[in-house]
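The values are calculated or read from the model by the stated rules, or taken from the named source; none is laboratory data. Note that the structure is predicted; figures quoted are calculated from it, not measured. Here the Cβ positions follow ideal geometry from the backbone for every residue, glycine too, while neighbour counts run over all protein chains shown.
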Amino acid sequence: MAVKVIRLRYAGTCSGCGAALPAGSRAWWDGDARATTCLGCHPLADTEPNASKRTDVGPEGAADEPPDSIAIGEAGWSARHEHEKRRQRREQRIERRWGPLAGVIKFLSDDPQSIRAWAKGSEGERRLAERLQREVGDRAVLLHDRKVPGTRGNIDHIVVAASGVWVIDAKTYDGRVERRDVGGLFKTEIRLYVRGRDRTKLAEKLGWQIDAVAVARGELKTPISAALCFVEADWKLFAKPFQLDGVWITWPAKLVEMIAAPGPLSADQVRELARSIASALPPAK
């Protein structure tokens, strides 16, 4: 199969530089290698003087696309959408109550924390996705903001790498993350504290997400790891990631190290598994 320029229907990753290729962008498609390459790594003029005129559009107007394209999703989309929806509702309430003075009230007042938190969460997911793409995007498939059919919930990030499948919940909490044993003298009871507050339930809530991914992986019974990744929190000097109910409590740099570790999956298995999961758990957007 000849290498040709196509317009991507789904987002992908450049096989050369690892850059994200958004849906709708043009890129080179190598059908034999099953790889996409951005126009920056492989300029049109290098091999096809008239390639800039090509659109690779089929007879019905559908853009051509790699047969194994994976819809990777948009990190933070659900949280951003929820923030916009809640902010719009607040503005509508102000307009109904204050009428002509609504513009002044909006200007002089800030959104409550319950609304700002959604925007902050969305930004945290986006930042983590960018770091993952930069650090492991050349050897893993990154899936962002996945819907779980039959529920109202979503999964922030799923990463498929040689080390296995990773279910990741990004958190933008402020303050210090601590592992505390609150069991007393004769009993061990490990709890997660952030900024002095017990946040153990954050780890417990990943259980249903792990179950959803376990079903989505199909017949490939590969290892599944889960992580709560605190994007902005503080850690003690010489702190180490720790596990709570099977969930890793960690930060971006350490998460990248764990994902990048050697594992049992080949590159073909990573791609096959990612396609299965992406199909069963579609992107929220």
* To do: Go over the candidates 145, 138 one by one and state the one that is in a loop (DSSP other than H, G, I, E, B) and either among the acidic types (Asp, Glu) or at pLDDT 95 or above (or both).
  => 138
* Just one of the numbered conditions (1) free of Cβ contacts under 8 Å to residues at least 12 places away in the same chain; (2) of a type outside the set (Gly, Ala, Ser); (3) within 22 Å of residue 231 (Cβ to Cβ) is not true of residue 110; which one? -> (3)
* Asked: So how many residues does region 178-209 have that are over 18 Å from residue 141 (Cβ atoms) and within 18 Å of the chain's Cα centre (by Cα)?
  -> 6
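Conditions (1) assigned to a helix (DSSP H, G or I); (2) without any contact (Cβ under 8 Å) to a residue 40 or more places away in the chain; (3) under 26 Å from residue 116 (Cα atoms), marked per residue:
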| residue | (1), (2), (3) |
| --- | --- |
| 185 | no, yes, no |
| 193 | no, yes, yes |
| 202 | yes, yes, yes |
| 220 | no, no, no |
* Out of (1) in contact with a helix residue (DSSP H, G or I) (Cβ under 7 Å, 6 or more places away or on another chain); (2) farther than 19 Å from residue 240 by Cβ; (3) modelled with pLDDT of 95 or more, what's the single condition that is false for residue 166? -> (2)
* When you scan region 222-285 for strands (runs of 3 or more DSSP E) that lie fully inside it, which ones turn up with 3 or more residues that are of a type in the set (Val, Ile, Thr) and surrounded by 20 or more Cβ atoms within 10 Å (Cβ to Cβ)? -> 247-250
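Table: residues versus (1) aromatic (Phe, Trp, Tyr); (2) more than 27 Å from residue 267 (Cβ to Cβ); (3) surrounded by 14 or more Cβ atoms within 10 Å (Cβ to Cβ); (4) outside the structural domain of residue 273 (by TED's automatic domain parsing).
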| residue | (1), (2), (3), (4) |
| --- | --- |
| 131 | no, no, yes, no |
| 139 | no, no, yes, no |
| 142 | no, no, yes, no |
| 145 | no, no, yes, no |
| 150 | no, yes, no, no |
| 156 | no, no, yes, no |
| 161 | no, no, yes, no |
| 169 | no, no, yes, no |
| 192 | no, yes, yes, no |
